[in-house]
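What follows is calculated from the coordinates using simple rules that are stated; it is not laboratory data. Note that this is a predicted model, so its numbers are computed, not measured. Every residue, glycine as well, gets a Cβ built from its backbone with ideal geometry; the counts of neighbours run over all protein chains shown.
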Amino acid sequence: MNKQILLLLSLVLSGFLFAQQSVARDSPTNAERTMSTIINYLNHYPGDEEKKKLNKILGNKKSTSQEKVIATALLNLQHSATEGDKRKLSKIMSDSSSPQAVRDLAKIIHGLNHKPSDGDKNLLKKYMW
C-alpha cells in the first residue's frame with residue numbers, strides 16, 4: 001500500500017511539474033517583451049536606445065538562439081529586414097517547436113515595411129506586458 005501511495009504521489013508531482021513548465025512558457029520572456037515593445041513603436045529602424053537593448057539581448061546568456069536571430073534582424077533593419085535575416089526568420093516561423101511569441105515576432109519582422117501594421121501592433125500588445 002505504501003508503494004501505491006508513493007507511486008501515486010510521484011505521478012501527481014510529475015504532472016504538476018510538467019504543467020508548471022507549460023504554463024510558465026505561455027508568458028513571454030524578458031527578451032520577447034523588450035523586442036515586442038521595440039517593434040510596436042518602430043518607425044523605419046530602431047533608434048540608439050533600442051539598439052542598446054537589442055545588444056543586451058544578444059549578450060545575455062539566457063537569450064535563446066531564436067531570440068538572438070530576431071534581435072539581430074532588428075539591429076540590421078533598414079525599413080525592412082535583410083534577405084539573409086528573412087531566411088533565418090522563415091526558419092523560426094516554420095518551426096512548430098518554437099514558442100508562439102517567437103514565431104509571431106519573426107513573422108512580423110519578416111513582413112515589416114517601415115513600421116508594424118495595426119494588426120501587428122494588436123498582436124504585439126499581447127507580448128509587451
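Taking 7 Å along the Cα-to-C-beta vector as the label spot, tell me the residue 64-residue 43 distance in nanometres, rounded to one decimal.
Going by the 7 Å Cα→Cβ label model, 3.2 nm.
Take the alpha carbon gyration tensor of the stretch 29-128, find the square roots of its eigenvalues, order them as a ≥ b ≥ c, and report rounded if a/c is under 1.5; if not, report prolate when a/b exceeds b/c, else oblate.
Numbers: a/c = 1.18, a/b = 1.05, b/c = 1.12.
In terms of gyration-tensor shape, rounded.
Neighbouring Cβ atoms within 10 Å as the yardstick, rank 33, 87 fewest first. Please list the in-between numbers first.
Details: 33 16, 87 11.
Lowest to highest Cβ neighbour count: 87, 33.
Sort 70-81, 100-111 for me by packing, meaning the mean count of neighbouring Cβ atoms within 10 Å per residue, highest on top. Write out the running numbers ahead of the final one.
Values: 70-81: 19.6, 100-111: 21.6.
Order by mean packing, descending: 100-111, 70-81.
Based only on other Cβ atoms within 10 Å, what is the fewest-to-most ordering of 26, 120?
On the way: 26 9, 120 21.
By the 10 Å Cβ count, ascending, the order reads 26, 120.
As a footprinting exposure proxy, order 94, 63 by other Cβ within 10 Å, with the fewest listed first.
Numbers: 94 10, 63 18.
Lowest to highest Cβ neighbour count: 94, 63.
For the pair residue 75/residue 27, report the inter-label distance in nm, with labels modelled 7 Å from Cα in the Cβ direction.
2.8 nm
For the stretch 67-120, just say rounded, prolate or oblate: build the C-alpha gyration tensor, square-root its eigenvalues into a ≥ b ≥ c, call rounded for a/c under 1.5, and beyond that prolate if a/b exceeds b/c, oblate if not.
Details: a/c = 1.93, a/b = 1.27, b/c = 1.52.
Judged from the Cα gyration tensor, the stretch 67-120 comes out oblate (a/c at least 1.5, b/c at or above a/b).
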